[in-house]
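So the structure is just underneath, and the comments pick up after that.
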Amino acid sequence: MTVCLLLLGAVALTAAVPVPRALTRAVWPEREPVVALWVWQCLVATVLLCCLAGLVLGTAAVFHTVRDRVFAPAPASVTAAYGLSAAPAWATALTLLLACGAAWTTAMLGRELAEARRRRGLARAHLRERAPDLPAGLPAARGPMLVLEDEYPDAWWMPGHPPQLVVTTGALHRLTGHQLDAVLAHERGHARAHHDWLLHLSTALATGFPRVPLFTHFCDQTHRLVELAADDTASRRHGHLTTALALIELNQHRGVLSCASSHRLLGERVDRLLEPPPRLDRRRRALATTVAALVPLLPLLIAFAPGLTALR
């Protein structure tokens, strides 16, 4: 068991510290934001699986009742292969630390989901005030798209059941028909890929563990990459120039081309749309996707290796 815990710790530390820093310095994620999002998710899954496997092994070593339940279907040779009866003293401290981390992660995820639900409820209540339901007998105003009377140009996707695309009349006045289609494709790209769930996960992990480089980089990069991915969805259907002009028209009053840090991403998105980087070829995309998908299997392989070896 000691070897398993050490290997799990080594994999977790590698995936949590040096790999994210190298990934943030890489250039290719801007060319393939969807693949980059997949790689980030696989890295996070690897670290979480390492912690979960370590927690299960440590708990089984410390508590006999847990050990009996976990290894109940297994032959005695499998249980003996893990050496749980001779667990080192530091295994207890590590198990307690991992248990606290698991509880804290669950609490952060629950808090983020509850806060997101509260914000969504407030937003829907605000929309009901600005666009109230029609009296009984008249056709319902609710649908996949809601137009608000507002001079402020804006458009956003409201997740929930049912989801709605909200567009202001200011946006309708500013945008041409093709530009409006590009904006709608961008927002639908967010909805189809369920980017809101990815943002909730990254925010919860970064809030709960702000000193872990993987989680902080995951949060920052997720907020950036989901926008690039949605831009690509819109530009593939309606053209790069049309999408860039729609982005400028919607954000001109916010200083989209300014150098302020809060607007830097908007400027980068416009530059990327006006001068789109070449995509990776299909072979490299498939290779990156496959390798990333195999990485989370390492913790499982390490955890099951002693038992599988004993069965041979």
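Could you list, in sequence order, the residues of segment 1-52 that are in contact (Cβ under 8 Å) with a residue 60 or more places away in the chain and either of a type in the set (S, T, N, Q) or touching a strand residue (DSSP E or B) at 6+ places or on another chain (Cβ under 7 Å) (or both)?
Across segment 1-52, the qualifying residues are Thr2, Thr24, Gln41, Thr46.
Quick one: which of His217, His161 is within 30 Å of Ala107 (Cα to Cα) and not in a helix (DSSP H, G or I)? Show your work before the answer.
Details: His217 fails: not in a helix (DSSP H, G or I).
Answer to the selection: His161.
Look through segment 254-276, keep the residues that are aliphatic (A, V, I, L, M) and farther than 13 Å from Thr242 by Cα, and return whichever of them is modelled with the lowest pLDDT. Write out each step before concluding.
Quick first cut of segment 254-276, residues aliphatic (A, V, I, L, M) only: 256-257, 260, 265-266, 270, 273-274.
Add one more test, that the residue is farther than 13 Å from Thr242 by Cα, and what stays is 256-257, 260, 265-266.
On the way: Val256: 49, Leu257: 47, Ala260: 43, Leu265: 85, Leu266: 87.
So, considering only residues that are aliphatic (A, V, I, L, M) and farther than 13 Å from Thr242 by Cα, the one modelled with the lowest pLDDT is Ala260.
On the basis of being of a type in the set (Ser, Thr, Tyr) and crowded, with 22+ Cβ neighbours inside 10 Å, does Thr2 make the cut?
Working: of a type in the set (Ser, Thr, Tyr): yes; crowded, with 22+ Cβ neighbours inside 10 Å: no.
Criteria not met by Thr2.
Would you mind listing the helices (runs of 4 or more DSSP H) fully within segment 22-110 where at least 2 residues are polar (S, T, N, Q)?
33-62, 76-82
Kindly list the number of the only condition in (1) at positive phi; (2) at pLDDT below 80 that fails for Leu134.
Leu134 satisfies all of (1) at positive phi; (2) at pLDDT below 80 except (1).
How many of the residues making up segment 10-21 are in a helix (DSSP H, G or I), open to solvent by less than 70 Å² (accessible area, probe 1.4 Å) and touching a helix residue (DSSP H, G or I) at 6+ places or on another chain (Cβ under 7 Å)?
Residues meeting the conditions: 6.
Determine whether Leu294 is out of contact with any Pro (no Cβ under 6 Å at 6 or more places or on another chain), open to solvent by 80 Å² or more (accessible area, probe 1.4 Å), hydrophobic (A, V, I, L, M, F, W, C) and farther than 19 Å from Trp28 by Cα.
Taking the combined requirement at face value, the residue satisfies it.
If you check Gln164 against the conditions, is it polar (S, T, N, Q), more than 20 Å from Ala123 (Cβ to Cβ) and over 21 Å from the mean Cα position of the chain (by Cα)?
Details: polar (S, T, N, Q): yes; more than 20 Å from Ala123 (Cβ to Cβ): no; over 21 Å from the mean Cα position of the chain (by Cα): yes.
So Gln164 fails the test.
The values are calculated or read from the model by the stated rules, or taken from the named source; none is laboratory data. Small disclaimer: the values here were computed from a predicted structure and weren't measured. Positions of Cβ are backbone-derived with ideal geometry, glycine not excepted, and every protein chain shown enters the neighbour counts. SASA here: full protein model, heavy atoms, side chains in, ligands and nucleic acids out. Shrake-Rupley method; radii C 1.70, N 1.55, O 1.52, S 1.80 Å.
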